[in-house]
Each structure stands twice: as C-alpha cells, then as structure tokens.
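Reviewing the structure listed below.
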Amino acid sequence: MKIVLFGATGNIGQRIAKEALSRGHEVVGVVRDPEKVQPPDARVTLVKGDATDAASVARVAPGADAIVSAISPRPNARGLPAPSLAAAAKALIAGAKKAGVKRLLIVGGAGSLEVAPGVRLMDTPGFPEAYKAEANEGAESLGVCRAEGKGLDWTYLSPAAEINAGKRTGRYRVTGDKFLTDSNGNSRISFEDYAVALVDELEGRRHVGARFGVAY
C-alpha cells in the first residue's frame, strides 16, 4: 500500500510511518517545510505540502492507496502556525476526490468522545480549559468528515485522553463514540499502539465512513 502521510515528522506521524514501513507499506511524508526536518526513516520520502490546501493535497496524492493526516492542532517547533483541523478536513476531502484517492484516515482527538449519550468529554466540568480550543478543532473536523465525506472511504480515529510515548504492545480496545477508561478510571494509549490501531484500520477497513476510538 502507498500511504501519503501528512504530518509525518510529528509524534504520532513518526510512529505511523514506522508501523506502516514495518508491514511493508510505502510511505510518502508530507510536511510544510521538508528542507528543515529529517524524515522519520530513511525509507520515507519527504515532500512539501499543506493539509489545509485542497490543491496541495491533490498535487501530492495521485497514485496513493490512502491519505493519512496526522497533523497537530498546535504550532510547530519551527515557528509555523497551528493549522485549522476543520479547514484541513475540508481540504483533505476535496483534494482526495480531485486526486482520485478513495481512502482517507484522519488522526482525531478524544474530546468529542461521549462520556454519556449525547455528552462529550470536552463538555464536562472537569475538562481542562487549556485543551478546549484544540478539542473544538477536533470536533469540528469530525463534523466535516460526517457532512462532506460522502464518496470517500473516510475514517476518523480518536485516541484515549492521554496519549504519550511508550511501548508497542499491539494491544488496544476499540470503541465507537463512547469514551473508554480502564478499571482504574484511566484513559490512555501510547503513540506506538495508536499507530498499530491506525495501520490495522488501513489494512482491515473495519470503520469506513465512521469514527472509532482506541484505548487500553
């Protein structure tokens, strides 16, 4: 499978690239400033592109079997501003259609997962104020996928509330819109196992046209 991966040098993007390569897939990494960064692996070719620009998406995507967006809602360490995740979702959908790529998988957030029917995590009293803006961005991008994704095999993958560097165990639980916690009330997953779940979805296609979440 040829995967065009936006945000390939970020925390999650690097792990997705490594996991996909380990399974024999080809990865083309798309970043806004490829001359300033190193690829996550020597086998990854970095090209210049912008996930919020449909023409840019269409330019780098022809011939891909799947487009994956792992862009971050935060400014990057090299001074580039935070991208709009909703604008990216619109551009990725339009660009994928123009390039003739049917499969689109978007790295999402946990804030829009539901702690009770119709009650999102991001709307609960204890949700940290510092993360509300990016949670809103994630929720808006999910809304764009649901409203405009017709004609594509899109999937939106929400992580657990806590996602950090850790071990690759290959184990995780799957949810739809429900917020998952473990027996101690924790909601977490490693970058590495999130990447396992994402590549599993690319290969297995179990959540086409839907959002799903993963956690331990």
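Scan the stretch 90-111 residue by residue and report those that are of a type outside the set (A, V, I, L, M) and either open to solvent by 20 Å² or more (accessible area, probe 1.4 Å) or not in a helix (DSSP H, G or I) (or both).
Within the stretch 90-111, the first condition is being of a type outside the set (A, V, I, L, M), and the residues that meet it are 90, 95, 97-98, 100, 102-103, 108-109, 111.
Passing the criteria: Lys90, Lys97, Lys98, Gly100, Lys102, Arg103, Gly108, Gly109, Gly111.
If I filter the stretch 124-142 down to residues being among the charged types (D, E, K, R) and under 14 Å from Ala161 (Cβ atoms), which single residue comes out as most open to solvent (accessible area, probe 1.4 Å)? Give the steps one after another, and end with the answer.
Within the stretch 124-142, the first condition is being among the charged types (D, E, K, R), and the residues that meet it are 129, 132, 134, 137, 140.
Retained after the next criterion (residues that are under 14 Å from Ala161 (Cβ atoms)): 132, 134.
Details: Lys132: 68, Glu134: 51 Å².
Only one residue tops the list, namely Lys132.
Being touching a residue at least 60 places away in the same chain (Cβ under 8 Å), out of contact with any Cys (no Cβ under 8 Å at 6 or more places or on another chain) and over 18 Å from Ala91 (Cα atoms): is that true of Leu121 here?
Values: touching a residue at least 60 places away in the same chain (Cβ under 8 Å): no; out of contact with any Cys (no Cβ under 8 Å at 6 or more places or on another chain): yes; over 18 Å from Ala91 (Cα atoms): yes.
In short, no.
Which residue is surrounded by the most Cβ atoms within 10 Å (Cβ to Cβ), if the candidates are limited to the stretch 173-202 and must be touching a His at 6+ places or on another chain (Cβ under 9 Å) and outside any loop (DSSP other than H, G, I, E, B)? Please lay out each step first, then the result.
So the first thing to find is which residues in the stretch 173-202 are touching a His at 6+ places or on another chain (Cβ under 9 Å), and the list is 174, 176, 199, 201-202.
Then keep just the ones that are outside any loop (DSSP other than H, G, I, E, B); that gives 174, 199, 201-202.
Values: Val174: 15, Val199: 25, Glu201: 21, Leu202: 21.
Among residues in the stretch 173-202 that are touching a His at 6+ places or on another chain (Cβ under 9 Å) and outside any loop (DSSP other than H, G, I, E, B), the one surrounded by the most Cβ atoms within 10 Å (Cβ to Cβ) is Val199.
Give the residue, chosen from Ser72, Ser56, Ser22, that is open to solvent by less than 10 Å² (accessible area, probe 1.4 Å) and either polar (S, T, N, Q) or over 22 Å from Glu137 (Cα atoms) (or both).
Numbers: Ser72 fails: open to solvent by less than 10 Å² (accessible area, probe 1.4 Å); Ser22 fails: open to solvent by less than 10 Å² (accessible area, probe 1.4 Å).
Sole residue among the options that is open to solvent by less than 10 Å² (accessible area, probe 1.4 Å) and either polar (S, T, N, Q) or over 22 Å from Glu137 (Cα atoms) (or both): Ser56.
Would it be correct to say that Asn164 is without any contact (Cβ under 8 Å) to a residue 60 or more places away in the chain, in contact with a strand residue (DSSP E or B) (Cβ under 7 Å, 6 or more places away or on another chain), farther than 15 Å from Ile106 by Cα and exposed (fewer than 14 other Cβ atoms within 10 Å of the Cβ)?
Against the criterion (without any contact (Cβ under 8 Å) to a residue 60 or more places away in the chain, in contact with a strand residue (DSSP E or B) (Cβ under 7 Å, 6 or more places away or on another chain), farther than 15 Å from Ile106 by Cα and exposed (fewer than 14 other Cβ atoms within 10 Å of the Cβ)), Asn164 qualifies.
Within the stretch 143-156, can you find the residues that are buried (at least 21 other Cβ atoms within 10 Å of the Cβ) and either acidic (Asp, Glu) or touching a strand residue (DSSP E or B) at 6+ places or on another chain (Cβ under 9 Å) (or both)?
Taking the stretch 143-156 first, the residues buried (at least 21 other Cβ atoms within 10 Å of the Cβ) are 144-145, 149, 154-156.
Result: Cys145, Gly149, Trp154, Thr155, Tyr156.
Identify all residues within the stretch 25-50 that are in a loop (DSSP other than H, G, I, E, B) and either aromatic (Phe, Trp, Tyr) or open to solvent by less than 60 Å² (accessible area, probe 1.4 Å) (or both); write none if there are none. Give the steps one after another, and end with the answer.
Looking only at the stretch 25-50, we keep the residues that are in a loop (DSSP other than H, G, I, E, B), and these are 25, 32-33, 37-44, 49-50.
Within the stretch 25-50, His25, Asp33, Val37, Pro39, Pro40, Asp41, Val44, Gly49, Asp50 qualify.
The values are calculated or read from the model by the stated rules, or taken from the named source; none is laboratory data. Please read all numbers here as calculations on a predicted model, not as lab measurements. Heads up, the Cβs are rebuilt from the backbone with ideal geometry, glycines too, and the neighbour counts pull from every protein chain shown. Ligands, DNA and RNA are stripped out before the accessible areas are found, and what is left, the full protein with its side chains, is counted by its heavy atoms. Shrake-Rupley method; radii C 1.70, N 1.55, O 1.52, S 1.80 Å.
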